[in-house]
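For reference, the structure discussed in these notes is given below.
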Amino acid sequence: MRAHAHNDGHGHGALQMGHHHVSSSAMFLNVLVVLLILTVVTVGVSRIDFGPANMLIAMLIASVKASLVILFFMHVKWDTAINKIVFLSSFLFLSLLFVFTLADQATRRIDHPMHVTKAKVSKEWVYPKPAISEKH
Amino acid sequence: MSQDGHHSVVIPAPGPEFVPHTVAHHFDTPVQEFQAAKLGFWLFLATEILLFGGLFAAYFYYHDLYPETFKVGGQQLDWKLGAINTSVLLLSSWTMAMGVRSAQTSQKRKTLMFCALTVVGAAIFMVIKFFEYKAKTEHGLFVFPHMFDGYQVDTATMTGSLPWFTDVHNVMVDATGAPLPHGHLFFAIYVTMTAIHGLHVIIGAGLILWVMKGVAKGRFHAGYYLPVDLVGLYWHLVDLIWIFLFPLLYLVP
Amino acid sequence: MTTQAPVLDTNKSHSEQPKHYLNCSSGFWSWASTLDHKRIGIMYLIGTGLAFLAGGLFALLVRLHLWQPDGMLFSNDQYNQIFTLHGAFMVFLFVIPAIPGSLGNMVLPLMLGAKDVALPRLNLLSFYLWLSGAVLAALAIAMGGFDTGWTFYAPYSLYTNKAVVTIGLAIFMLGFSSIFTGLNFIVTTHKLRAPGLTWFRMPLFVWALYATSLLQVLATPVLGITILLVAFERLYNIGIFDPRLGGDPVLFEHFFWFYSHPAVYIMVLPAFGIISELVSVHSRKPLFGYKLIAFSSLAIAIISFLVWGHHMFTSGQSTYAMFAFSFLTFFVAIPTAIKEFSWVATIWKGSIALNSPMLYTLAFLIIFAIGGLTGVILGSLNVDLHLHDTYFVVAHFHYVMMGSIALAFFAGLHHWWPKMFGVMYNETLAKIACLVIFVGFNATFIPQFIMGSQGMPRRYATYVPEFQPYHSASTMGAMVLGSGVALMVFYLVASLLTGKKAMQNQWGGVTLDWHTPTPPPLENFAHAPKVTTEVYDYSTLDLKSTQTPIG
């Protein structure tokens, strides 16, 4: 099997290597343009205050950009199943760290309220009676 | 080792400016070598994602605990510089992908050109980063020269101070002018995250330069472009991390 | 499994026999630059073995000090350093790396019918990372040591004026050693299996190492970032864990245990794999519930990521988080119990050989049952509130880490010793040592369960006189345990010098590792083996090979 170089942008490796997908230059350029547009969108959207949803929206747009980089620039769309699984699992297990840690922090305030209830404390406990001998 | 157990498999060079590649002896076919290396590298990228992910977890944790501090802190960052850096990295990801493609199609000169452009992108990124850090030092939000001076405790008044957080222009205050709780925390996390990311940018650039050396010697071509591919993946990861860092640090607040 | 033509050529004299991996090349450099997984395994064996002995020495010092209620040997500060060293050496330099690094490296490619692991240079790098971690740990001791406990909790680890950054760097190196080993094993298992060796024909040791490797790759990086953040805190006060600067020490605990709980499964899963192999070979019977055991390793790996908060029940995390963690903790007992029952069912009505590997295995089955069950007790939130930080916890984890993992390691060492070195150790001494270790171990740690339940806190240099009988009993047990280990080291080393030649297939195993010559040649297999039978099919066993000495 001969391996030979092409300059027309449609190369293929020696057949003994198995088929390797080669992306077209046009496809890469398209992805870049979309990514740059999405960057502009990211900045633009951040100017609007959605309140607590700000973080979520920003992360969603970032995830879309990330998916484009992963699927196309990193070639995952044409990759083997196991590589896809490896990559996805890292995010999956990372999310466990996020979820449990943030959930702990968020629910801690429910049962340790620092300034919500005022405990009823008798004045006697706070200001104990002076000893009788003090008066004389 | 080929199936008969004696000779190593050799992938011939596709042209006179290239050299052949010998498959490692414990692999039977080039496909096996390629897939094994790729799987190994994806596993390594997974570890990088988890390493950085820890930093993101810390960011979210404290953003939840001190929302005002993080809001005002983020406003001190220059989003325009951040946006430029984002675009620079996206462009460099594109040049890197084109570089891998050129190696896949045995186009030696184009491979070198695209790799060089990627390194240029890395350099621009680091220069902008340097100016950002310089601004932080000047505003007293993270004074790099005093970074290692240690937490000073004044036992008389029982107050503490961080030499690297002087807040020269007194920006980390709330609406009433009172200091925000732990104003330094935002900048500590900002510097930690961007510095570790910057370290990976430098490492990535170094790896690309190493690959360029191999390309120049004709080692990488359609029959064997694995190192270019793997270094490309590393570079895209560096870009990926920044895609999340930019909005988180610069824009959400 | 098909049998491999033995490389032994009876027409040649002994000195002309084909070389094997130990004598095919000689000299320091041939070992220091080796890419052979078997030689790397030997280097790990020596390194982690020495770390085990050092850690054991620290343990004996701890136990001696606690002979008297007001401490016999050290000041309180020194005691803190000694138990920290014991824990750190054992956990990071021995228990985590030993089985995958030594037995895993040695046996995994053989069991898969491969010539080596997928990434041999990365394998050598893993070993050197381990070595650099060991050197840095020694350096940290020379620089003043560290007294934070092996768990180096914030905020104390941020303030103590000891070599925390140095030992942190050591652990960082060891972490990457672990990650790269796991990475290598995953790729090897996916890509280098011999023709015909499907996933469900793989030996269970491979399944166990695979599950371990998943944990190594996914969990260890979080330890890495935790160490980096502690180092940054000490170097430039970021305030991420320091309460003076707005940080939350409980966040440290979340980060730390996110790794360290899966880490205990990194430690124990390979041990389970060894036991699976040994119960089958030494009962000459296929594993009961092969698929169940295989899947249970994966189940344990996944569940282990969901339970880390059970180390933090008294830390101040939210009650709701604690409910969740305690509830989820119970689930990990299910796949673990499946294994224990399957092993016993395998032995039942098997042709049991009560040789030394099997004795260590039987000891494991008893000790691990206790260790595992006490883990479930500690997983119960309400009980743990009283038992946390007492000797009950200490006894539980020593039952699983020393009594189970170390014992499984010894079992595997004895089982594969003839394959690795071509010699046999003194079987009588081995049986004696096993008995001494078993008795000594239980004598050391049963008193600890009792005094823990009565409130004796852990990591205390002194204690109230009421606990002295328990401490004394425990110390005496430790001396017995130590002598058993010393005896074991003695006869193993002696076997390398004067041991009898091993049989070609010492125990009658049928997995591919027993089809190579003994010891294996450099390339493991002259021709890629083709697998046509199920994995524990003892009808394929060539009994002659169990009675024919090598060479």
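Couple of notes before you dig in:
- Members of the stretch B:29-72 that are within 23 Å of the chain's Cα centre (by Cα), of a type in the set (Ser, Thr, Tyr) and more than 8 Å from chain C (Cβ to nearest Cβ): B:Tyr59
- A Cβ distance below 8 Å, combined with a sequence gap of six or more or placement on separate chains, defines the contacts here; from the stretch C:223-239, residues that are on the phi > 0 side of the Ramachandran plot reach residues that are in a helix (DSSP H, G or I) and surrounded by 24 or more Cβ atoms within 10 Å (Cβ to Cβ) in the pairs C:Asn237/B:Ala188; C:Gly239/B:His184; C:Gly239/B:Leu185; C:Gly239/B:Ala188; C:Gly239/C:Glu233.
- Cβ-Cβ under 6 Å pairs, at least 6 apart or on other chains, the stretch C:178-190 side more than 23 Å from C:Ser260 (Cβ to Cβ) and at the interface with chain B (Cβ under 7 Å from one of its Cβ atoms), far side modelled with pLDDT of 95 or more and surrounded by fewer than 24 Cβ atoms within 10 Å (Cβ to Cβ): C:Val187/B:Ala36; C:Val187/B:Leu39; C:Val187/B:Gly40
- Positions within the stretch C:310-334 being part of a helix (DSSP H, G or I) and closer than 14 Å to C:Gly375 by Cα, in sequence order: C:His310, C:His311, C:Phe325, C:Ser326, C:Phe327, C:Leu328, C:Thr329, C:Phe330, C:Phe331, C:Ala333, C:Ile334
- C:Leu362 fulfils the conditions (1) under 27 Å from C:Ala406 (Cα atoms); (2) surrounded by fewer than 15 Cβ atoms within 10 Å (Cβ to Cβ); (3) out of contact with any His (no Cβ under 9 Å at 6 or more places or on another chain) except for a single criterion, (2).
- Positions within the stretch B:151-185 being on the phi > 0 side of the Ramachandran plot, surrounded by 12 or more Cβ atoms within 10 Å (Cβ to Cβ) and within 14 Å of another protein chain (Cβ to nearest Cβ), in sequence order: B:His182
- Residue match in the stretch B:142-165 (condition: of a type outside the set (Gly, Ala, Ser), under 22 Å from B:Ala83 (Cβ atoms) and in contact (Cβ under 8 Å) with a residue 12 or more places away in the chain): yes
- Selection within the stretch B:82-133: residues that are basic (Lys, Arg), closer than 21 Å to B:Ala222 by Cβ and more than 8 Å from chain A (Cβ to nearest Cβ). The member of this set that is surrounded by the most Cβ atoms within 10 Å (Cβ to Cβ) is B:Lys108.
- C:Phe305 being more than 23 Å from C:Ala408 (Cα to Cα), crowded, with 24+ Cβ neighbours inside 10 Å and not small (Gly, Ala, Ser): no
- Looking at B:Val215, B:Val211, just one residue is surrounded by 18 or more Cβ atoms within 10 Å (Cβ to Cβ), touching a Lys or Arg at 6+ places or on another chain (Cβ under 7 Å) and more than 8 Å from chain A (Cβ to nearest Cβ), and that residue is B:Val215.
- Here C:Ser539 meets each of (1) surrounded by 15 or more Cβ atoms within 10 Å (Cβ to Cβ); (2) modelled with pLDDT under 95 with one exception, condition (1).
- Within the stretch C:452-465, the set of residues being touching a residue at least 12 places away in the same chain (Cβ under 8 Å) and either hydroxyl-bearing (Ser, Thr, Tyr) or in a helix (DSSP H, G or I) (or both) comprises C:Gly452, C:Ser453, C:Thr462, C:Tyr463, C:Pro465.
- Filter result (under 20 Å from the mean Cα position of the chain (by Cα) and either surrounded by fewer than 17 Cβ atoms within 10 Å (Cβ to Cβ) or polar (S, T, N, Q) (or both)) within the stretch C:126-148: C:Ser126, C:Tyr128, C:Leu131, C:Ser132
- Residues (over 22 Å from C:Ala406 (Cβ atoms) and hydroxyl-bearing (Ser, Thr, Tyr)) located in the stretch C:240-295: C:Ser283, C:Tyr290
- Any hit, the stretch B:135-149, residues being of a type in the set (Val, Ile, Thr), surrounded by 14 or more Cβ atoms within 10 Å (Cβ to Cβ) and within 14 Å of chain C (Cβ to nearest Cβ): yes
- Selected residue (criterion: modelled with the highest pLDDT) from residues of the stretch B:1-58 that are part of a loop (DSSP other than H, G, I, E, B) and among the polar types (S, T, N, Q): B:Thr29
- Of all residues assigned to the stretch A:52-75, at least one qualifies as being on the phi > 0 side of the Ramachandran plot and either touching a strand residue (DSSP E or B) at 6+ places or on another chain (Cβ under 7 Å) or surrounded by 20 or more Cβ atoms within 10 Å (Cβ to Cβ) (or both).
- Among the conditions (1) closer than 22 Å to C:Ala337 by Cα; (2) hydroxyl-bearing (Ser, Thr, Tyr); (3) surrounded by fewer than 24 Cβ atoms within 10 Å (Cβ to Cβ), C:Thr428 misses just one, which is (1).
- Among (1) in contact (Cβ under 8 Å) with a residue 12 or more places away in the chain; (2) within 13 Å of chain A (Cβ to nearest Cβ); (3) not charged (D, E, K, R), the one test that C:Ala337 misses: (2)
- Pick from the stretch C:106-115, criterion within 14 Å of chain B (Cβ to nearest Cβ) and under 22 Å from the mean Cα position of the chain (by Cα), ranking: surrounded by the fewest Cβ atoms within 10 Å (Cβ to Cβ): C:Leu110
- Set side by side, the residues C:Phe441, C:Phe410 differ, and just one is in contact with a Gly (Cβ under 8 Å, 6 or more places away or on another chain), in a helix (DSSP H, G or I) and closer than 29 Å to C:Ser276 by Cα, which is C:Phe441.
- Boolean, C:Leu235 is surrounded by fewer than 24 Cβ atoms within 10 Å (Cβ to Cβ), within 22 Å of A:Phe93 (Cα to Cα) and within 11 Å of chain B (Cβ to nearest Cβ): no
The values are calculated or read from the model by the stated rules, or taken from the named source; none is laboratory data. All values derive from a computational prediction rather than experimental measurement. Note that each Cβ is placed from the backbone with ideal geometry, even for glycine, and that neighbours are counted across all protein chains shown.
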